[in-house]
Structure formats: structure tokens, C-alpha cells
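Student: Here it is, the structure in full.
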Amino acid sequence: MSNVLSWPQGHDRIVLESVDSTLNEAQRRHAAGVTRPTWILALDQTAARGRRGRPWAMPPGNFAANLILPTTDRPDRIALRSFTTALALFDACVLATGRPEGLSLKWPNDVLLNGGKLAGILLETLQSGGLVTATSIGIGVNLATAPQPDQVEARALRPVALSEAGGDVTPEDFLTLLANAFDRYETQFVTYGFAPIRTAWLDRAAHLGDTITARTGAEEFQGVFDTIDDHGQLILSTPQGQRAVAAADIFF
């Protein structure tokens, strides 16, 4: 598959047999002076982590990568890369399987397959001299096999693998698909802003129009998933009125 698509111009590519965490490696590479978009792929991780420091299980053959994206954007604009990355993952999965059926996007940073969690995204800012100079985009995809249900947080969606949809792709080839798709969406985002990204994401959103549960650090509440706004916030209709949610765990 990597023979079909060439590597996107202006992006560097690093493939590691093993590393503690691609997120940690991104911090080290950034500190060493990375100046171009740089993809780091690890074939094995010994200390992977997800959101809020949660462990991320990585069976052999699965995908773990990080993109160091140099940027001096404001934090709120950096956060919108979770949507461009999710769209790129969606497209890469379609190319790897040959079909879009069963794929959807869960706010703010997961890709679903047949209702189960296929992939996750984690954004962190990287600083130099006290200023934000890049964002680190960590990406994990269950390409070959899914972790066991007891390896994920209680109430979390069941883990699924891309192989469930007929996908048979190596991590290296999937990286090429993903890097090309991300380059397209990043160009669109920089050129036209968030509006077309928002529209494309909503077209693929899971449970749009359904009642869902949002859990923040302070409370848990239900509402109808109406849309996302121009800042990427989740908009829920609740008995108390419409609410904008900037960050939360979402349950269906």
C-alpha cells in the first residue's frame, strides 16, 4: 500500500522498533530541535498512555504514532487539530479496508467501528523558551487486535480492531495513509479555517441527535447531542437549556 501513495512532502518520518511512549519521544525530539512536521511510529511501546495519564494497551501489530506539528497557534486553535486528525484517521481506515461502513467519530477524539473504540487521539502542547512552539498529536489504532475489555476503563466502549472490518495493513503502510490524509486536512484547515472541518466531522459524528451522557470533573449530566460549535465545543440540549461542553468524557 505504501507503493501506491508517496510520503507527503515536507514531513519527516521516524520508525522505531520500541520506545517507552511516542508522546515521550515527541517531547525529546522537540527538545532536540525538530523544525518540520515529524511523524514518529513505534512498533512497540513499553509505557504507553492515553488521556489523563490512563494506560493504553498495545498488542503486537497495532499502531502507535505521534506527529510533532510545529505551530505557534493559540491553544484553542491547536485543540481543533483533534478534529482534523480524526477525519484523517477516518479516511485512512476507509482506504485500508475499502469501505466506510461502520466507521464514525466520537467527540472529541475517538474513532469508532461498529460502535466500539477503534482509535484514540491525544493532543499536548510542546514549549521552547516558555512559549508554545509545537503540538504533539498522539494516535493509537487497534489495527490487528483489540485489547481485552478488562484493560479499559469502566463504562468505556468495547475495544475493536480494524481487522474486524477486513483491514489487513501494516503499521508502516497505515502511517503513509494517515500522513497523507492529515496533510490534506491540515492544508484545508490552514487555508479555510474550521468551518469545512466542522461540517465534515459532523457528517461522520456518532450519535448525533441522540441523548448522551457527559461527565466533567465536577458533574455528570445528559442531553441531546445537537452539534459542535465553531470552537469545537459539544452542544447539548438539556432540560435546563442548551449547554456548551469544552471537555468531558462522553458515554452512549
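Student: How big is region 125-252 by Rg and Dmax over its Cα atoms, in Å?
Tutor: In Å, with Rg to one decimal and Dmax whole: 17.7, 48.
Student: Using the Kyte-Doolittle scale, find the helices of the chain whose mean hydropathy is at least -0.5 and whose Cα atoms extend 15 Å or more along the helix's long axis, counting only whole DSSP H runs. Show your work: numbers first, answer last.
Tutor: Working: long enough: 81-97 (24 Å, 1.18); 171-192 (31 Å, -0.19).
Membrane-span-like by this rule: 81-97, 171-192.
Student: Let me ask something else. Calculate what fraction, in whole %, of the accessible area of the chain sits on carbon and sulfur atoms when a 1.4 Å probe is rolled over the protein chains. Show your work: numbers first, answer last.
Tutor: Values: 5580 of 11300 Å².
Answer for the chain is 49 percent, counting heavy atoms of protein chains only.
Student: Let me ask you something else. So how strong a dipole does the chain carry about its Cα centre when Lys and Arg Cβ are +1 and Asp and Glu Cβ are -1, to the nearest 20 debye? Write out the running numbers ahead of the final one.
Tutor: On the way: 21 positive and 27 negative charges, 72 e Å.
Value, rounded to 20: 340 debye.
Student: Can I ask one more? So what is the relative contact order of the chain, in percent, for Cα pairs below 8 Å that sit 6 or more residues apart? It would help to have the intermediate numbers written out before the result.
Tutor: Numbers: 500 pairs, mean separation 45.2, N = 252.
Dividing the mean separation by the residue count of the chain yields 18 percent.
Student: Oh, and also: For residue 227, which sequence-distant residues (separation of 5 or more, or a different chain) have an amide H within less than 5 Å of its own amide H, given hydrogens modelled in the peptide plane?
Tutor: Counting only residues 5 or more places away or on other chains, the set is 235.
Student: Amide H neighbours of residue 16 under 5 Å, at least 5 residues apart or on other chains, H built in the peptide plane: list them.
Tutor: Residues meeting the amide H criterion: 41, 42, 43.
Student: Another question about this same structure. How many nm separate the modelled label positions at residue 213 and residue 199, each set 7 Å beyond the Cα in the direction of the Cβ?
Tutor: Here the answer is 3.6 nm between the modelled labels.
Student: Given 95, 217, 197, which one lies farthest toward the positive end of the charge dipole of the chain, if we put +1 on the Cβ of every Lys and Arg and -1 on the Cβ of every Asp and Glu?
Tutor: Value: 217.
Student: Now for a different question. With the dipole of the chain worked out from charges on the C-beta (+1 for Lys and Arg, -1 for Asp and Glu) around the Cα centre, which of 45, 24, 140 lies farthest toward the positive end?
Tutor: In the chain, that residue is 24.
Student: How many Å² of accessible area per residue for the chain, probe 1.4 Å? Walk me through the numbers on the way to the answer.
Tutor: Values: 11300 Å² over 252 residues.
Heavy-atom SASA per residue in the chain reads 45 Å².
Student: Given Cα pairs under 8 Å that are at least 6 residues apart, what percent is the relative contact order of region 93-217? Each step should come with its number before you reach the end.
Tutor: Values: 147 pairs, mean separation 29.7, N = 125.
Relative contact order of region 93-217: 24 percent.
The values are calculated or read from the model by the stated rules, or taken from the named source; none is laboratory data. Computed from a predicted model, the values in this text were never measured in an experiment. No Cβ is skipped: glycine too gets one built from the backbone with ideal geometry, and neighbour counts run over all protein chains shown. All accessible areas refer to the heavy atoms of the entire protein, side chains included, with ligands and DNA or RNA removed. Shrake-Rupley method; radii C 1.70, N 1.55, O 1.52, S 1.80 Å.
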